[in-house]
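These notes are about the structure you will find just below.
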Number of protein chains: 2
Amino acid sequence: MNQEHASFTPSKSPALFNLVDDGIQEAIIAAANVVRYTDGQLIHTRGQIKPGVSIVKSGYAKVGVNGLDGTFIMAGVLGPGESFGEFTIFTDLPRTHDVTASGTTEIYQIDEQRFNKLCDSHPELVKALLCSTLMRTHLLLELLDSMRRLPLKARAVKLLLSIAYTTGSQDFVRIRQTDLAESLGVTRVSLGKVVKKLSNEGLIELGYGKIRFPDRNRLERWLEQQSATPLSY
Amino acid sequence: MNQEHASFTPSKSPALFNLVDDGIQEAIIAAANVVRYTDGQLIHTRGQIKPGVSIVKSGYAKVGVNGLDGTFIMAGVLGPGESFGEFTIFTDLPRTHDVTASGTTEIYQIDEQRFNKLCDSHPELVKALLCSTLMRTHLLLELLDSMRRLPLKARAVKLLLSIAYTTGSQDFVRIRQTDLAESLGVTRVSLGKVVKKLSNEGLIELGYGKIRFPDRNRLERWLEQQSATPLSY
DNA sequence: AACAGATTGATAAGTTTTTAGCATTTGACT
DNA sequence: AGTCAAATGCTAAAAACTTATCAATCTGTT
């Protein structure tokens, strides 16, 4: 049912676990409950207010918003070491997204009380959180900016390249056009048109559930020309 | 040339100065240089990498992106106590926005070294920064979500209500249609069409440089119907 | 009271995106 | 090798948005 997922946020966001040293990692793990979810199972829902931080231990967490009509708009996929829900500790805001497991997934869950203790005893953790959040904000701002200024064609390439970047695969990406469209916030038809054009221009090659880059450098150059601003993904 | 500006972010983002106690405020002010800018003067430009935190002392800072063709896309307006550029301290990312003064404006500028010292001596400051950043991220996510799911008409109402909320004025907002359009990332023509419709339906009243809400409750109810999700602005 | 600049109102043509279909191809599983 | 569900390919009409202009209205200032 669910094929392997690329981990993207939609761009390289630093995993919290990569920003803290081993000691803090162990302290977090010690304070956490590990919860297992099966494929498609709901981890959190938009609007919830129960506070708690979650960190992916294994598997993937799909982040997005479920519409009442069954549609799902994806905001990104989080992989091992990546965290979500931090803001429920520090603010009393409701959750912004629905989070579901993609494949069998284990999540470290840390409740409010324990996490606050961790923050008090490890000031470095607060700094790491700040750092990770600032980077996330930065990405969001760039995303917002490109949504407004770049045509869909360029946005699609940008997303493809960033997925390739985060997955490490150099010349192809395993993703369905439906998911790409969802991530970009457009319909499959619109996306289909632009990937067709890109394919005609030889910039990408379309496959079943995947997209190849025959010449990644050329693709990157093409994108930079479109952006008219420094490339940052 | 420049009329009074509503302070909006585009929604209530907590000013950093409201999140810290007086002692820290004084310490920040002591570490800062005050720089004066005249109306329209550039404070920072997108792409810059020189680190430093800025806090509005008086006046307003207009945040957005200047296109090569002279167009300007506004992301928000920051008022006294609000901060920007924090991420230049904690990451080595380039600035995402152009910031210009709107009216005569004074800015506290704190350089990297001094700000780091402040953070070390006042751990509460890091927590406040985290809190403010998390709230900002939350707003951005909500914004992104509504951009994808709501029609322009609803997005326009949402923005209007959030501006009214942050300015405290209950039944009208002082803003030009041009600025509204910029904030929403659409042209004045498109915005003109939807505000005209809203006006025909009696939900708002159009004025010269301002928009009135004859019945704010009705407007809020209307928006909630459109959203089909809990209202949060 | 008159003027100038700023702001809104309005229109038409052109482009992009969506909606709603249906046909075709692919890959996994018998 | 055949079958079925998943995924892509394609089309046409409708809706939304942009670009480019020009006219009308408002406001502060002389």
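Only the coordinates and a few stated rules stand behind these numbers; no lab work does. These figures come from a predicted structure and were not determined experimentally. Note that we place each Cβ from the backbone using ideal geometry, even for glycine, and neighbour counts take in every protein chain shown.
Worth pointing out:
- The range B:166-233 pair-distance distribution - Cα-Cα, 10 Å bins, rounded %: 19, 50, 31, 0
- Computed FRET value (nearest 0.05) for B:R36 with A:N33, which takes r as the C-beta separation and R₀ as 41 Å: 0.15
- Estimated from helical segments only, the mean residue ellipticity of chain B at 222 nm is -13500 deg cm²/dmol, where each DSSP H run of four or more residues counts as -39500 (n - 2.57).
- Net charge contributed by nearby residues that have their C-beta within less than 13 Å of B:D120 (K/R +1, D/E -1): 0
- Scanning residues 5 or more positions from B:G209 or on other chains, those with amide H under 5 Å from its amide H are B:Q177, with H placed 1.01 Å from N in the peptide plane.
- Given R0 = 35 Å, the distance between the Cβ atoms of A:S190 and A:N217 translates into a calculated FRET efficiency of 0.80.
- Cα convex hull of the range A:46-145, projected area averaged across orientations, nm²: 7.1
- Average partner coverage of A:90-98, which counts Cβ from other chains inside 10 Å: 4
- Inter-site label distance for A:D92 and B:E26 at 7 Å from Cα along Cβ, in nm: 3.0
- Rounded to the nearest 20, the size of the Cβ-charge dipole of the range A:157-197 about its Cα centre is 220 debye, with Lys and Arg at +1 and Asp and Glu at -1.
- Of A:I110, A:I175, A:I49, the one that fluctuates the most in a GNM where chain A has Cα springs shorter than 10 Å: A:I49
- Förster radius 25 Å - calculated FRET efficiency between B:M147 and A:S169 (Cβ-Cβ, nearest 0.05): 0.25
- Annotation for the range A:166-233 versus the range B:172-231: alpha-carbon center distance of 36 Å.
- Taking 23 Å as the straight-line reach from the Cα of B:K197, the lysines in range (excluding those fewer than 8 positions away in the same chain) are B:K153, B:K158, B:K210.
- Choice from B:E112, B:E220, B:E26 showing the highest fluctuation, given a GNM over chain B with Cα pairs closer than 10 Å: B:E26
- Average beta carbon contacts from partner chains per residue of A:144-151, 10 Å cutoff: 4
- Span-like helix ranges in chain A, DSSP H, alpha carbon extent 20 angstrom or more, Kyte mean at least -0.5: A:123-149, A:152-167
- Among A:L144, A:L198, A:V34 the positive-end extreme of the charge dipole of the protein assembly as shown (Cβ point charges): A:L198
- 10 Å Cβ neighbours from other chains, averaged over peptide B:120-129: 3
- Each distinct pair of alpha carbons in chain A adds a 1/r term; the inverse of their mean, the Kirkwood radius, is 18.8 Å.
- GNM flexibility winner over chain B from B:T91, B:T45, B:T167 (Cα, springs under 10 Å): B:T91
- With each label modelled as a point 7 angstrom along the Cα→C-beta vector, the B:T178-B:E124 pair spans 4.4 nm.
- The Rg/Rh ratio for the range A:82-136 is 0.98, where Rg is the radius of gyration of the alpha carbons and Rh is the Kirkwood radius.
- Shape analysis of the protein assembly as shown yields a ratio of the Cα radius of gyration to the Kirkwood radius, Rg/Rh, of 0.95.
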